[in-house]
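Below: one structure, written as structure tokens.
The values are calculated or read from the model by the stated rules, or taken from the named source; none is laboratory data. Just so we're clear, the structure is a prediction, and the values are computed from it rather than from any experiment. Ideal geometry is used to build each Cβ from the backbone, glycine not excepted, and the neighbour counts take in all protein chains shown.
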Amino acid sequence: MIFDDPHFAFRPYDQWLAYGQSKTANVLFAVEASRRWAADGITANALMPGAVYTNLQRHTGGVGTGRTPAEWFKSVSQGAATSVLLAVSPLLDGVGGRLGSHHRFHAVRGHLLELAGDGASAAAEFRAAAVGTANLREQHYLTAKAASLAAGGAEGSG
């Protein structure tokens with residue numbers, strides 16, 4: 001983050017540096033807002049929803065350029081789901097100053113879908129979460145949870 005020139009007034013504009021700075025600013029804001037107001041019940045988080053196909057790609061060379069594999073892109077609705085979940089999930093009450101990734105929130109969505117009785121969709125979310133983590137214990141739990149739900153059982157829950 002270059003605080004002396006956040007608007008590129010004194011240096012050449014670089015779209016990826018600007019994007020990176022905006023993401024960094026989001027995280028810094030979430031950390032500071034939570035630090036200041038957590039005692040009042042106000043928290044903030046930042047997130048990385050993953051590659052979401054929006055009109056932004058027409059300016060960055062996104063879909064079809066080979067920079068990001070096409071299968072990694074999500075629809076706008078899929079990308080928005082992570083933001084909405086982060087904003088309203090009771091599972092995140094009191095949690096602030098964090099950077100959430102779309103991989104981490106697959107697990108949260110999985111739990112919510114399981115509670116809603118949609119085992120097949122929950123299993124898919126747990127499988128996606130397992131792929132997105134490097135923690136072997138968490139990966140084992142998520143894989144077992146997905147397998148249990150896919151089989152129609154409840155033994156993987158908890």
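Things worth noting here:
- Check on Leu86, at pLDDT below 90, in contact with a helix residue (DSSP H, G or I) (Cβ under 7 Å, 6 or more places away or on another chain), part of a strand (DSSP E or B) and not small (Gly, Ala, Ser): no
- Scanning segment 4-29 for residues that are of a type in the set (Lys, Arg) and modelled with pLDDT under 90 yields one hit, Lys23.
- Test set (1) among the small types (Gly, Ala, Ser); (2) outside any loop (DSSP other than H, G, I, E, B); (3) farther than 24 Å from Gly97 by Cβ - Ala25 fails condition number: (3)
- Filter result for Gly94 (more than 17 Å from the chain's Cα centre (by Cα), at pLDDT 75 or above and either under 27 Å from Ser22 (Cβ atoms) or aromatic (Phe, Trp, Tyr) (or both)): yes
- Filter pass, Gly50 being touching a helix residue (DSSP H, G or I) at 6+ places or on another chain (Cβ under 8 Å), under 30 Å from Asp93 (Cα atoms) and either not in a loop (DSSP other than H, G, I, E, B) or not hydrophobic (A, V, I, L, M, F, W, C) (or both): yes
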